[in-house]
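The values are calculated or read from the model by the stated rules, or taken from the named source; none is laboratory data. Please read all numbers here as calculations on a predicted model, not as lab measurements. Cβ placement follows ideal geometry from the backbone for every residue including glycine, while neighbour counts extend to all protein chains displayed. Areas reflect the complete protein model, heavy atoms only, side chains present, ligands, DNA and RNA absent. Shrake-Rupley method; radii C 1.70, N 1.55, O 1.52, S 1.80 Å.
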Amino acid sequence: MAAVMATGQDASGGREFAWTQADFTRVQRLIYQRAGISLHDGKHAMVYSRLSRRLRDTGYNSFDDYLSWLERDDGAEWQEFVNALTTNLTAFFREQHHFVMLDQHLRQHRPAAGGWRIWCSAASTGEEPYSIVMTAMEALGVANGFGLWASDIDSKVLATAQRGVYRLESLKGLSQERLQRFFLRGKGSNEGLVRVRPELVKAVEFLPVNLIRNDWPFREPFDVVFCRNVMIYFDAPTQRSVLERIHRVMKPGGLLFVGHAENFSESRDLFTLKGKTAYERR
């Protein structure tokens, strides 16, 4: 594989840009430093494909020149670099059991005077935060009894989330009651599209947050945090560091929801298992 890549060729007859093991190793180091993401060696094709677009858009003819420019300059291209290498797989009410548990938690507990504070730390294109808002509205009956902060490291998916426009087919798992209550159907040229109702969008504050940095903007602790399918991209030391930060921005007894492939049993000093991929903050 290394010999094939060193020539910039592959079995299908060649690549548009030369692509070496050194280029991949360099990308691994840069995305780890910038976003805490650990790219394993099986990601060569994905990295080449996604970053090739950045070379075309920026006018560079080699990965070496592009990455050298990136290292010299702390400008806007870093965000494009991170955006290109992050994976955004989401859906409305994904991992449904979490929303059942959230509904029960909101109904059975009384929040502080300021109302419920919830953080969705990997908002992606918005399906997860809007699922949280729908659940909260159904449980509480009002839109002003809670606040939701929805963040992501990827600026492009955050912009999509804030627009709140989706293809109708992506909502096929939702009940007719939810469709009618929470969405507006497009007409004419917007046929086949739906828009989240304005009251849902107003309940969410969208903001960029890099989970591995120490500059989180939160001043008040959260009752509930969703951090699902993010930690799988981090190595063990980074996972622990992020969990410690999440612990600091949560209230004792608060709920942390994580992804189905994530297990933090080694952090029992911070969180105790509460249910299927759900933890309680100590």
What's the FRET efficiency of Arg107 with Thr87 using the Cβ-Cβ distance as r and R₀ = 45 Å, to the nearest 0.05? 0.85
Determine the dipole magnitude for segment 21-85: charges of +1 sit on the beta-carbon of Lys and Arg, -1 on that of Asp and Glu, nothing else is charged, the reference point is the Cα centre, and the result goes in debye to the nearest 20. 240
I need the Debye-formula profile for segment 1-154: one equal scatterer per C-alpha, no solvent, reported as log10 I(q)/I(0) at q = 0.10, 0.11, 0.19 1/Å, two decimals. -0.53, -0.60, -1.08
List the relative contact order of segment 39-198 as a percent without decimals, with contacts defined as Cα pairs under 8 Å and 6+ residues apart. 19
Put +1 on the Cβ of each Lys and Arg and -1 on the Cβ of each Asp and Glu in the chain; which of Leu256, Leu55, Ala45 then has its Cα farthest toward the positive end of the dipole? Leu256
Counting only protein chains, not ligands or nucleic acids, how are Arg181, Arg197 ordered by accessible area (probe 1.4 Å), most first? Arg181, Arg197
Expected vector for segment 39-52, Karplus 3J(HN,Hα) from phi with 6.51, -1.76, 1.60 and θ = phi - 60°, integer Hz, x for Gly and Pro, equals 8, 7, 5, x, 9, 3, 5, 4, 5, 4, 4, 6, 7, 4
Find the relative contact order for the chain and round it to a whole percent, using C-alpha pairs within less than 8 Å whose residues are 6+ positions apart. 15
With angles folded into 0 to 90 degrees, how steeply does helix 96-108 sit against the dominant principal axis of the chain? Use alpha carbons for both and round to 10. 40
Charges only on Cβ, +1 for Lys and Arg, -1 for Asp and Glu: so what's the dipole of the chain about the Cα centre, in debye to the nearest 20? 900
Probe 1.4 Å, all protein chains present, accessible-area order of Lys276, Lys43, largest first: Lys276, Lys43
For the chain, the accessible surface attributable to carbon and sulfur atoms (probe 1.4 angstrom, ligands and nucleic acids excluded) amounts in percent to 49
Kirkwood calc, segment 21-85, C-alpha pairs only, radius in angstrom 11.8
For Arg56 and Glu16, calculate 0.36 nm times their separation in residues minus their Cα-Cα distance, and state this gained length in nm to one decimal. 13.4 nm
Taking a probe of 1.4 angstrom, what is the accessible area of Val201 in Å², to the nearest 10? 40
Just to confirm the number: angle between the C-alpha axis of helix 21-35 and the first principal axis of the chain, 0 to 90 degrees, nearest 10? 30
Read phi for every residue in segment 242-248 and hand back ³J(HN,Hα) as whole Hz from Karplus 6.51 cos²θ - 1.76 cosθ + 1.60, θ = phi - 60°, with x for Gly and Pro. 5, 4, 5, 5, 4, 4, 5
With both partners inside segment 64-208, how many of the DSSP beta bridges are antiparallel, as a percent to the nearest 5? 40
Return the ratio Rg/(2.2 N^0.38 Å) for segment 83-167, where Rg is computed over Cα atoms only. 1.13
Calculated FRET efficiency for the pair Gln33/Ser267, C-beta based, R₀ 25 Å, to 0.05: 0.60
Accessible area per residue, Å², the chain with all protein chains present, probe 1.4 Å: 50
Relative contact order (%) - segment 10-118, alpha-carbon pairs under 8 angstrom, separation at least six: 25
Taking the structure as given and computing percent of Cα pairs over 34 Å apart, which label from [x] 41; [y] 29; [z] 38 fits? [y]
Largest-first ordering by accessible area, 1.4 Å probe, given options Lys187, Lys156: Lys187, Lys156
0 to 90° range, to nearest 10: angle between helix 63-72 axis and the chain longest Cα axis: 60
